[in-house]
Amino acid sequence: AQKITQTQPGMFVQEKEAVTLDCTYDTSDPSYGLFWYKQPSSGEMIFLIYQGSYDQQNATEGRYSLNFQKARKSANLVISASQLGDSAMYFCAMRGLKSGGYQKVTFGIGTKLQVIP
Amino acid sequence: DVKVTQSSRYLVKRTGEKVFLECVQDMDHENMFWYRQDPGLGLRLIYFSYDVKMKEKGDIPEGYSVSREKKERFSLILESASTNQTSMYLCASSLAGTGHNEQFFGPGTRLTVL
């Protein structure tokens, strides 16, 4: 079984500052992938960044980076230089990567980020 | 530009009605999914399909059924809508296989059952 825990229901950050959104996970799969999605008030989920459990380096995508600490089972999202448009719900998710059949994605309950001007 | 579309953004139905939610993707993805999203519960998988006419139950399939007659279209059916099915419904699609195959989501349908 897989479990994703996001303990921050809401976060505030000043515009242009960096912010870290926490995510811890639990899984029995030896190989897995971790995802972060953004959901603006419009409702559509937008993929941000991916980290494979086998990746040696932390993933980065523009202003987004994933602070992956495998031993601690954490996959925190770091947003640098926050912008007003970053205000949204953020979801952490994971999927096992073993072959043979589809491995479903498990989502956390989300963190609401508000960027203050 | 890749796209997942859903038939309605907002829908209001009465208890006992049969409800159809349609989802279409134009990316030739093998996998398609239906989730419901409720505050404090995140996204919960209702059903998914990995091929035409194939379907698998997710975590909360009770009260729902699905249909996938064509690769690009995945329908969610509420046979007899109930008030506890009031929710946001999200459709998604992805490529098959393991690895970095993120899901692409539609805009969601906010369903209210009165």
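Tabulated results
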read-out: Residue in the range A:52-59 that is at the interface with chain B (Cβ under 8 Å from one of its Cβ atoms), within 14 Å of the chain's Cα centre (by Cα), surrounded by fewer than 20 Cβ atoms within 10 Å (Cβ to Cβ) and under 28 Å from B:K3 (Cα atoms) present; value: yes
read-out: Residue within the range A:12-19 that is touching a Phe, Trp or Tyr at 6+ places or on another chain (Cβ under 8 Å) and either away from chain B (no Cβ under 13 Å) or assigned to a strand (DSSP E or B) (or both) present; value: no
read-out: Residue match in the range A:90-97 (condition: surrounded by fewer than 18 Cβ atoms within 10 Å (Cβ to Cβ) and touching a residue at least 12 places away in the same chain (Cβ under 8 Å)); value: no
read-out: A:K98, sole failed condition from (1) out of contact with any strand residue (DSSP E or B) (no Cβ under 8 Å at 6 or more places or on another chain); (2) more than 9 Å from chain B (Cβ to nearest Cβ); value: (2)
read-out: Residue within the range B:50-59 that is assigned to a strand (DSSP E or B) and surrounded by 18 or more Cβ atoms within 10 Å (Cβ to Cβ) present; value: no
read-out: Residue selected from the range B:18-57 under the condition more than 16 Å from B:R110 (Cβ to Cβ) and among the acidic types (D, E), by the criterion nearest to the chain's Cα centre (by Cα); value: B:E56
read-out: A:V115 being touching an Asp or Glu at 6+ places or on another chain (Cβ under 8 Å) and not in a loop (DSSP other than H, G, I, E, B); value: yes
read-out: In the range B:58-76, the residues that are within 12 Å of the chain's Cα centre (by Cα) and among the basic types (K, R); value: B:R68, B:R73
read-out: All positions within the range B:90-114 that are more than 24 Å from A:G96 (Cα to Cα) and either surrounded by fewer than 17 Cβ atoms within 10 Å (Cβ to Cβ) or within 14 Å of another protein chain (Cβ to nearest Cβ) (or both); value: B:P107, B:G108, B:T109, B:R110, B:L111, B:T112, B:L114
read-out: Hey, B:L76 facing another protein chain (nearest Cβ under 7 Å), part of a strand (DSSP E or B) and modelled with pLDDT of 90 or more or not; value: no
read-out: Residue in the range B:12-34 that is facing chain A (nearest Cβ under 10 Å) and not in a loop (DSSP other than H, G, I, E, B) present; value: yes
read-out: Odd one out for A:S82, checked against (1) touching a His at 6+ places or on another chain (Cβ under 9 Å); (2) modelled with pLDDT of 95 or more; value: (1)
read-out: Test for B:S67: is it modelled with pLDDT of 95 or more, under 16 Å from B:Q37 (Cα atoms), surrounded by 16 or more Cβ atoms within 10 Å (Cβ to Cβ) and more than 10 Å from chain A (Cβ to nearest Cβ); value: no
read-out: The one condition in (1) surrounded by fewer than 14 Cβ atoms within 10 Å (Cβ to Cβ); (2) in contact (Cβ under 8 Å) with a residue 24 or more places away in the chain; (3) over 30 Å from B:R110 (Cα atoms) that A:L66 fails to fulfil; value: (1)
read-out: Residue in the range A:97-113 that is over 25 Å from B:L45 (Cα atoms) and under 12 Å from the mean Cα position of the chain (by Cα) present; value: no
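The values are calculated or read from the model by the stated rules, or taken from the named source; none is laboratory data. All values reported here derive from a predicted model rather than from experimental measurement. Positions of Cβ are generated from backbone atoms using ideal geometry, with glycine treated the same way; all protein chains shown enter the neighbour counts.
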